[in-house]
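Derivation of every value follows stated rules applied to the coordinates shown; laboratory data play no part. None of these values were measured; they are calculated from a predicted model. Glycine gets a Cβ as well: all are built from the backbone with ideal geometry, and neighbour counts include every protein chain shown.
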Amino acid sequence: MRIVAETAAKAFSDSGFPLQATTYEKLFRGRCIGRVCREYENRIGHGFDPAFVGQVYSTIIRRFDAELRAVPHVSYALTWLREPKSVFSEWPKDVIRAGLETAGLTRFFARHRIVSFHDTGFEQPFFVLAKILAIAPSECILVCRSPATIAQAIQSGLNAIGYAGSAESEEDHENRLAAAGASAVITDLRQLKQTVLTLRSKPAIRPGAAFAGRS
C-alpha cells in the first residue's frame, strides 16, 4: 500500500537508514513496522527508539484519515458475503480499524472479527485464526493481494482468491498470485461473488467463512 510504504520509508530514512518507498514495498511486502524493525535489528544490530514503531503507526493512521479510499466495489462484495467473515492482518488492530473506518467499511465487520497476527502469533497464524473463529481451515477462503500471504494460507489448508485489481498492482501481479497457489485471481471485486460460488461448488471446498485479508 502506497501510504504505508511512503510513511515507513520516510521514517527509516529519518532514522539514518535511507530507503525509497518502492524499495520498501518490494523488500517487505505488507509486513508490519514492528516486524520490519526486528528484521533490521537482527540483521545489523541496530536498536530503534522504543517509541519509533508507535510513532510510525500514528502517522499512518493520520494519513489514512486524509488519503485512504476504499477499493472499488468492495462494499458490494462485502454485502454479498453474508457468512462469518474476518479482516485478518499482521498489523495492529488500531491500524486495521482506522483503515476500515476511513474507508467506510466498519459496518461490515461490526458483528464479526477483526483479527491481528498480534493475537495469533506469527508462526502459524492461519491455524490459530481458524481456532479463534471455530472454523476448519478447509472451510475458509482468503481474499488477498499478497502472494506471500496466499502461499502461507495455502500451506495452512485454506483456499485463496488473489486480488490484482489495485492501481498499485505490479505488471506480473496476476501471475505471481497464481504461482503462490491462488485457486482464482480476480481484478474486480464484482467478480468475487461468482468466483466464491464456483470454488464452493467443488467437492473439496465446503461452504464456510470467507476472509477478507489485508496485507
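For this structure, a couple of remarks:
- Near pairs, Cβ below 7 angstrom, 6+ apart or cross-chain, from region 81-101 (under 21 Å from Val36 (Cα atoms)) to any residue that is of a type in the set (Phe, Trp, Tyr) and part of a strand (DSSP E or B): Phe88/Phe211
- Qualifying positions in region 4-30 - basic (Lys, Arg) and either loosely packed, with under 13 Cβ neighbours inside 10 Å or over 13 Å from Ile60 (Cβ atoms) (or both): Lys26, Arg29
- Listed by position, the strands (runs of 3 or more DSSP E) enclosed by region 95-192 that each have at least 1 residues that are touching a Lys or Arg at 6+ places or on another chain (Cβ under 6 Å) are 113-116, 159-163.
- Failed criterion for Ser116 (all others in (1) surrounded by fewer than 17 Cβ atoms within 10 Å (Cβ to Cβ); (2) in contact (Cβ under 8 Å) with a residue 24 or more places away in the chain; (3) among the hydroxyl-bearing types (Ser, Thr, Tyr) hold): (1)
- Checking every residue in region 33-56 against the condition of being assigned to a loop (DSSP other than H, G, I, E, B), among the charged types (D, E, K, R) and surrounded by 17 or more Cβ atoms within 10 Å (Cβ to Cβ) gives zero matches.
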